[in-house]
1. With each run of n ≥ 4 DSSP H residues scored as -39500 (n - 2.57), what mean residue ellipticity at 222 nm is computed for chain A after dividing by its residue count and rounding to the nearest 500 deg cm²/dmol?
2. If the elastic network links every pair of Cα atoms under 10 Å, which of A:Ala94, A:Ala158, A:Ala229 fluctuates the most in the Gaussian network model of chain A?
3. In the structure shown, do any of A:Lys65/B:Lys9; A:Lys159/A:Lys216; A:Lys122/A:Lys216; A:Lys150/B:Lys9 have a Cα-Cα gap over 28 Å, and if so which?
4. So if we plug the beta-carbon distance of A:Leu41 and A:Lys65 into 1/(1 + (r/R0)^6) with R0 = 41 Å, what FRET efficiency do we get, rounded to 0.05?
5. Please report how far the C-alpha centroid of segment A:204-265 lies from that of segment A:118-184, rounded to the nearest whole angstrom.
6. Please work out whether chain A counts as rounded, prolate or oblate from its C-alpha gyration tensor, where a ≥ b ≥ c are the square roots of the eigenvalues and a/c under 1.5 means rounded, while otherwise a/b larger than b/c means prolate and anything else oblate?
7. If a/c stays under 1.5 just call it rounded; otherwise compare a/b with b/c (prolate if a/b is bigger, oblate if not). Do that for segment A:125-278, with a ≥ b ≥ c from the square roots of the Cα gyration tensor eigenvalues.
8. Considering just Cα atoms, how many Å³ per residue does the convex hull of segment B:52-97 enclose?
Amino acid sequence: MTDDKETHIHLAIDIAGFVVSIETVDEIIAQRIENRYHDFLCTEDSPQISIKINIVPDALYIDPKPGQWIIETDFKDERLEYQSYLERGEVDFATGLGYLDMAPEANIENFLRAIIAWLCVKHDAVLLHAAGVIRDGYGYVFFGPSGAGKTTTSRIAAKSYDVVSDDLVVIRIENGSGTLYGVPFRGELSDAPRANQNAPIKAIFRIRQDTEHLIKPMPRVIAVADLVASSPFVVRELSLSDMLVTVCDNIAKAVPVMSLHFKRDDGYWKVIDEHFDDVPKTASTNGG
Amino acid sequence: MNISTMYPKPHPQTAGRVIDGEAVLILADSSEVNVLNQVGSRIFELSDGSRTVEEISETIAKEYDISREQADIDVREFLLQLVDQSVLVLEETREDV
């Protein structure tokens, strides 16, 4: 029987300007969301997406097996279907409404990531597997597959600068310029702040661990391909692939995308600074 | 199988875009992203379901100033490689583009 006196708690989370509203009657879940996303909470009353959380005791949607963590997503006709072990949800992007059925011990994080990834690609932005650093008012993005060195560059940068994330960032193209946005999603660097900060992007680096610090140019097509490959969720959705390539191409036109070989010390900043000291102010980026 | 008369076209799970003359291919099934060189990109671009393998070879021979025989060998080999990687499929009938 429905308890008419249940209090519906509404929380709005703003990630890179995309607002997702969460509704729940469960005070514990609401408190967990508040704690986890407190720097990203906002009072926006017209969110792009509104999600209703339904708590399902003993929910288990995928049988756990050893190996990679399973998240299944399907984007079709403006609709996202999402499923993982303890939670399952849908979003209708045409109406902006969705739900998440979840076990009491589950959390909304991966569902939120999939929603943000979709919103990004539809709005000239991308959720990218990358570390983001704000240094002297400018954003620096270090991206690459697992093992490329995102956590390492973040750990080194965190000693002197603001690390907005060691795992995922949002890059938005606004008026032909790239902006780096921090996101609340966590990587391996548990003590790094998930700062709700943004900054105009100075450069994006495809990182590779090496025995020396070195910057190499990247042809635009390679920059686009590498950016596309580092975009979670969306890269495996054919209906969004074309849009994703367009967004990544826009990024490569607007912002320098280069290859950075680095070793495990902060000497990479010197190489970056030297590169920009040498580049004429009018130099183009990746041939755009 | 005589592939000369078949019509190559993108695999339904592949998206591609040519940037600066080179194709970025996204293979949605495997989440792989590949880049083709200029000649490969041109062959991919021509493989839209409206041309036979033979017609594509003819175009490549003309555009890159190579013998027709050499173009036949190279184009076939490359197309079969792309079919093997699920980038393209070969159809028996022409598709209107």
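Coordinate-derived values only; no laboratory data. The structure presented is a predicted model; accordingly, all values stated were derived computationally and were not measured. Reconstructed Cβ throughout: ideal geometry from the backbone, glycine too, with neighbour counts over all protein chains shown.
1. Values: 6 runs with 70 residues, N = 288.
Helices in chain A give a 222 nm mean residue ellipticity of -7500 deg cm²/dmol.
2. In the Gaussian network model the winner is A:Ala94.
3. On the way: A:Lys65/B:Lys9 38 Å; A:Lys159/A:Lys216 26 Å; A:Lys122/A:Lys216 31 Å; A:Lys150/B:Lys9 38 Å.
Those over the limit are A:Lys65/B:Lys9; A:Lys122/A:Lys216; A:Lys150/B:Lys9.
4. Values: r = 36 Å, r/R0 = 0.87.
The formula returns an efficiency of 0.70 here.
5. Comparing the Cα centres of segment A:204-265 and segment A:118-184, I get a distance of 12 Å.
6. On the way: a/c = 1.98, a/b = 1.83, b/c = 1.08.
Prolate shape, in that a/c is at least 1.5 and a/b is the bigger ratio.
7. On the way: a/c = 1.45, a/b = 1.25, b/c = 1.16.
It is rounded, given that a/c, with a ≥ b ≥ c, falls under 1.5.
8. Numbers: hull volume 3.8 nm³, N = 46.
Hull volume normalised by residue count: 82 Å³.
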